[in-house]
Amino acid sequence: MKKIGLLLFALCCLQITAQKTLTVQDWQNDLKFLQKTVHEEYPFLFVKTTKETFDAEVEKLHGLIPSLEHHEIIIGLSRIIALFKYGHMAVGYNLEPFKFHFLPLNLYQFSNGIYLQGVHMDYKDALGARVLEINSINIQDALEKVYPVVSAENTQFFKGRGINMLGIMEVLHAQGITDRLQNSVEFTLEKDGKTFKHKFKALPVGEVVPSKYGYVVQDEKWLEARAQNTTPLYLDQLDRVYFFKFLPKEKAVFVRLSQIEDDPNENMESFYSRLFDFIDENEVNKLIIDVRLNGGGNNFKNRTLITKIIEDKKINRVGSLFVIIGRRTFSACQNLVNELHNYTNTIFIGEPTSENINFYGDSRPVILPNSLLPVSLSFAWWQDKPAWQNAEWLAPAIPVDMTFEEYATNKDPVLDAALAFSDTNFKPNPMRFITEMFVRGEIQELDEKVPEMIEDSRYDFFDFETEISKAGHHLVKSGRVPAIQTGIGVFSFVTRLFPTSASAWKNLADAYLKAGDRDKAKVLFDKAANLSANN
C-alpha cells in the first residue's frame, strides 16, 4: 500500500509538472477536443446558439492562444461554454495548477444598487458601501464585460451566481477591466453620503470568499452588512436544509426549503409529514414556502410535497398558499415550482427564478486531455411544461425586490407581502384560467373577464397577448384541420383583446392561410400591414 501511495504521489507530481509546462499546441488540442466532443456527443445543446457561432468562437480562441496567458485561455473556454446559456454547464477553474486570485469581498445586487454585502475584516470601513466603479469603469459597464464568461440562463442567474466574477482578478484581466493581471484593484464606493476610493488586495492564491447561499456569513474573519441583533426567517438556521415556524399572529406557517435534499437530521418524507400534521391540527390560514435560496438537488424528492399540497384542501386555495422565489431558485427547485404552478393554487412572490422553465441539466464532466480541466456539459432535458409554454424563467405573480437598507436592517418585504395578501379572487395562473374556460366553450365569459384582467395592475406580471398567441401558434403549426380551426378561434380571441395589434391580425391571417382560405388571409394581412404602418 505504501508503494502504491508513493506511485500515485509521483504520478500526481508528474501530472502537475506537465500541466505547468503546457504548450500552445497542448491548449489548442484541448480546444479542438472540446469542439469535437460537443459536435459528436452533445449536438442537442445547440438551441440558444448555433453550430456556426460556436465554431467561429472556437477558431477565434484557437488563433489567439499563442498570445494568451493560461488564465486568459481558461476564461476564453468559459466564454465558449457560456454561449449555450445553460446554468449547469461551466469550465472548471481555480484548480491546481491554475489557481485564481479572489478579492476579499462579496457583491450583492439589491433593487437600489450593487453593494459590498460582505468583506474580510481588514476592510471593515468598506462594508455596506455601494459600488460605483471598478478600476474607474462604471459598475454596469463592468458587469456587461464579465457577463459573457457566465453560463447564465437569464439575467437572474447572473445576478445570483455570476456577479462575483467581478471579484476574480484573472477574470478582470481577461475581460479587459484591468490591462494586466494584478494583485489588487481600486473600487469607487459610496457610503453615508460620501464617495471614496478603496483598494482591495487579492487573497492568497486559491483562497476563496466563504459564502452560503450567496451571502457571506459573519465570523471571526469575515463581516457582513446585515445587523447582527436579529436574523430574518429566510436566513435563519442556515445549517439546516429545511425548517418551519408557526406565526400565530398571522396564523401562518413559514417553511424555508433551501435544497431538494434530505437534511442529515430528518429526511424530507418525515419533515413533510410533520409539517402537514401541524397544519391539520392547528388553526393555519396560510402556508408560505420560501425557496428563494434553493439551488436544487434531487427532483424526484418533489413528489411528496406536491401531492400533500394537492390533497390538503385547507391550504390548496387561492390566498392560502404562497411560494417565495428568487435569483437562486434553480435546477430541481425549478422543477418544483413548475409543478406547483401546474397543479396547485400557489401564488408566487418575490423575484423571477434563475432557470428556464424547461431546461438542460444534469451535467457530465468532460476532462480536457492536456490541461485536465473539467468541462461540465449538460445531457438531460427537463420539460415540466409544454414546449409552447417555455420561458426564460418563472415570473412571480407578486414581484417584490429588496433594497440594501431593508436587508441591512433585517426587514423582509417579500414575506411581509405574502402575509398581507388577502384577495381570494386573484387568478395566480392566468393561462390555466383562460385555457380551462376556452376548453369549456365559455367564450362570452372570456370576452368579458379577460379584458378586465388585462386592465388590472395585479396581472402586470402576465403578457396576455404573447402567452395566448403561443397556444394559437402550437395549434396552427400542428397541421391538423381541427387544430387549425381551433387556432383560428384563439387568434380571433386575441384580436378582440388587442384590436390595434398588427401582430395579432397577422397571426390570424397566417392561420387562415394555413387553413387554405387565401381570400380571408389577404384581407387580414392588409389590415395588419395598415396597422403596422400607422404605428
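Please go through the range 325-345 and pick out each residue that is of a type in the set (D, E, K, R) and free of Cβ contacts under 8 Å to residues at least 60 places away in the same chain.
Restricting attention to the range 325-345, the residues satisfying the condition of being of a type in the set (D, E, K, R) are 327-328, 339.
Hit for the range 325-345 is Glu339, nothing else.
Within the range 392-435, the residues that satisfy the criterion of being closer than 13 Å to Phe348 by Cβ and small (Gly, Ala, Ser) are Ala395, Ala397, Ala417, Ala418.
Restricting attention to the range 356-367, does a residue exist that is in contact with a strand residue (DSSP E or B) (Cβ under 8 Å, 6 or more places away or on another chain), assigned to a loop (DSSP other than H, G, I, E, B) and either among the hydrophobic types (A, V, I, L, M, F, W, C) or surrounded by 21 or more Cβ atoms within 10 Å (Cβ to Cβ) (or both)? Working first, answer last.
Initial filter on the range 356-367 (in contact with a strand residue (DSSP E or B) (Cβ under 8 Å, 6 or more places away or on another chain)): 358-367.
Subset that is assigned to a loop (DSSP other than H, G, I, E, B): 358.
Still in the list and also either among the hydrophobic types (A, V, I, L, M, F, W, C) or surrounded by 21 or more Cβ atoms within 10 Å (Cβ to Cβ) (or both): none.
No, there is no match, as no residue in the range 356-367 is in contact with a strand residue (DSSP E or B) (Cβ under 8 Å, 6 or more places away or on another chain), assigned to a loop (DSSP other than H, G, I, E, B) and either among the hydrophobic types (A, V, I, L, M, F, W, C) or surrounded by 21 or more Cβ atoms within 10 Å (Cβ to Cβ) (or both).
Kindly list, by first and then second residue, each pair from a residue in the range 128-151 that is on the phi > 0 side of the Ramachandran plot to a residue that is of a type in the set (Lys, Arg), limited to pairs with Cβ atoms under 8 Å and residues at least 6 apart or on different chains. Listed pairs, sorted by first residue: Gly128/Lys191.
Can Val318 be described as under 20 Å from the mean Cα position of the chain (by Cα) and either crowded, with 22+ Cβ neighbours inside 10 Å or assigned to a loop (DSSP other than H, G, I, E, B) (or both)? Even if it seems obvious, please write down each step before you answer.
On the way: under 20 Å from the mean Cα position of the chain (by Cα): no; either crowded, with 22+ Cβ neighbours inside 10 Å or assigned to a loop (DSSP other than H, G, I, E, B) (or both): yes.
When the stated conditions are applied, Val318 does not pass them.
Could you say which residue among Thr495, Thr500, Thr435 is under 27 Å from Ala397 (Cα atoms), outside any helix (DSSP H, G or I) and touching a residue at least 12 places away in the same chain (Cβ under 8 Å)? Don't jump to the end; show me each part of the working.
Values: Thr495 fails: outside any helix (DSSP H, G or I); Thr435 fails: outside any helix (DSSP H, G or I).
Matching residue, one of Thr495, Thr500, Thr435: Thr500.
Looking at the range 154-170, which of the residues that are part of a helix (DSSP H, G or I) and among the aliphatic types (A, V, I, L, M) is surrounded by the fewest Cβ atoms within 10 Å (Cβ to Cβ)? Taking the candidates together, the pick is Ile163.
Take the residues of the range 197-228 that are free of Cβ contacts under 8 Å to residues at least 40 places away in the same chain and over 30 Å from Leu95 (Cβ atoms): which is surrounded by the fewest Cβ atoms within 10 Å (Cβ to Cβ)? My answer is Gln228.
Within the option set Val58, Val47, being of a type in the set (A, V, I, L, M, F, W, C) and outside any helix (DSSP H, G or I) holds for one residue only, Val47.
So that you can scan it fast, the table gives a plain yes or no per residue for (1) surrounded by 15 or more Cβ atoms within 10 Å (Cβ to Cβ); (2) in contact with a helix residue (DSSP H, G or I) (Cβ under 7 Å, 6 or more places away or on another chain); (3) of a type in the set (Lys, Arg); (4) assigned to a helix (DSSP H, G or I):
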| site | (1), (2), (3), (4) |
| --- | --- |
| Gly441 | no, no, no, no |
| Glu448 | no, no, no, yes |
| Glu452 | no, no, no, yes |
| Phe462 | yes, yes, no, no |
| Ala471 | yes, yes, no, yes |
| His474 | yes, yes, no, yes |
| Pro482 | no, no, no, yes |
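Within the range 275-308, the set of residues being in contact (Cβ under 8 Å) with a residue 12 or more places away in the chain, in a helix (DSSP H, G or I) and of a type outside the set (Ser, Thr, Tyr) comprises Leu275, Phe276, Phe278, Ile279, Asp280, Asn299, Lys301, Asn302, Leu305, Ile306, Lys308. Pairing each residue of the range 96-113 that is of a type in the set (Ser, Thr, Tyr) with any residue that is in a strand (DSSP E or B), provided the two are 6+ apart or on different chains, yields C-beta distances under 9 Å for Tyr108/Ile114; Tyr108/Tyr115; Tyr108/Leu116; Tyr108/Gln117; Tyr108/Gly118; Tyr108/Tyr215.
Would you point out which residue out of Lys385, Lys411 is among the basic types (Lys, Arg) and outside the structural domain of Leu77 (by TED's automatic domain parsing)?
Details: Lys385 fails: outside the structural domain of Leu77 (by TED's automatic domain parsing).
That would be Lys411, the only listed residue that is among the basic types (Lys, Arg) and outside the structural domain of Leu77 (by TED's automatic domain parsing).
Within the bounds of the range 450-457, is there any residue that is charged (D, E, K, R), touching a residue at least 40 places away in the same chain (Cβ under 8 Å) and under 23 Å from Ala391 (Cα atoms)?
No, the range 450-457 contains no residue that is charged (D, E, K, R), touching a residue at least 40 places away in the same chain (Cβ under 8 Å) and under 23 Å from Ala391 (Cα atoms).
Looking at the structure I just gave you, is Leu508 of a type in the set (A, V, I, L, M) and at pLDDT below 95? The answer is no for Leu508. Filtered by the rule that a residue be among the β-branched types (Val, Ile, Thr) and over 18 Å from Pro248 (Cα atoms), the range 268-311 gives Val291, Thr304, Ile306, Thr307, Ile309, Ile310. Scanning the range 280-303 for residues that are crowded, with 16+ Cβ neighbours inside 10 Å and closer than 20 Å to Phe348 by Cα yields a total of 14.
Please go through the range 378-419 and give me each residue that is charged (D, E, K, R) and part of a loop (DSSP other than H, G, I, E, B), ordered by number. Reasoning before the result, please.
Keep residues of the range 378-419 that are charged (D, E, K, R), which gives 384-385, 392, 401, 405-406, 411-412, 416.
If the condition is that a residue be charged (D, E, K, R) and part of a loop (DSSP other than H, G, I, E, B), then Asp384, Lys385, Glu392, Asp401, Lys411, Asp412 are the ones that fit.
When the range 511-535 is filtered for residues that are surrounded by 15 or more Cβ atoms within 10 Å (Cβ to Cβ) and under 28 Å from Glu455 (Cα atoms), the ones remaining, listed by number, are Ala511, Leu524, Phe525, Lys527, Ala528, Leu531.
Residues of the range 199-252 being in a strand (DSSP E or B) and closer than 23 Å to Ala129 by Cβ, which ones? Scanning the range 199-252 gives Lys199, Phe200, Lys201, Lys212, Tyr215, Trp222, Leu223, Glu224. Checked across the range 346-363, the condition of being more than 17 Å from the chain's Cα centre (by Cα), in contact (Cβ under 8 Å) with a residue 60 or more places away in the chain and farther than 30 Å from Thr21 by Cβ holds for at least one residue. Mind listing whichever residues of the range 72-127 are under 25 Å from Cys333 (Cβ atoms), of a type in the set (S, T, N, Q) and assigned to a loop (DSSP other than H, G, I, E, B)? Ser111, the sole residue that qualifies. Pairs meeting the criteria (first residue in the range 238-261 and surrounded by 19 or more Cβ atoms within 10 Å (Cβ to Cβ), second residue part of a strand (DSSP E or B) and of a type in the set (Gly, Ala, Ser), beta carbons under 7 Å, at least 6 apart or on different chains) are Gln259/Gly297; Ile260/Gly297.
For the range 390-409, the criterion of being at pLDDT below 95, more than 19 Å from Arg327 (Cβ to Cβ) and either among the aromatic types (Phe, Trp, Tyr) or out of contact with any Leu (no Cβ under 6 Å at 6 or more places or on another chain) (or both) is satisfied by at least one residue.
The values are calculated or read from the model by the stated rules, or taken from the named source; none is laboratory data. On a predicted model such as this, the values are computed, not experimentally measured, just so you know. When we count neighbours, we look across all protein chains shown, and the Cβ atoms used for this are built from the backbone with ideal geometry, even at glycine.
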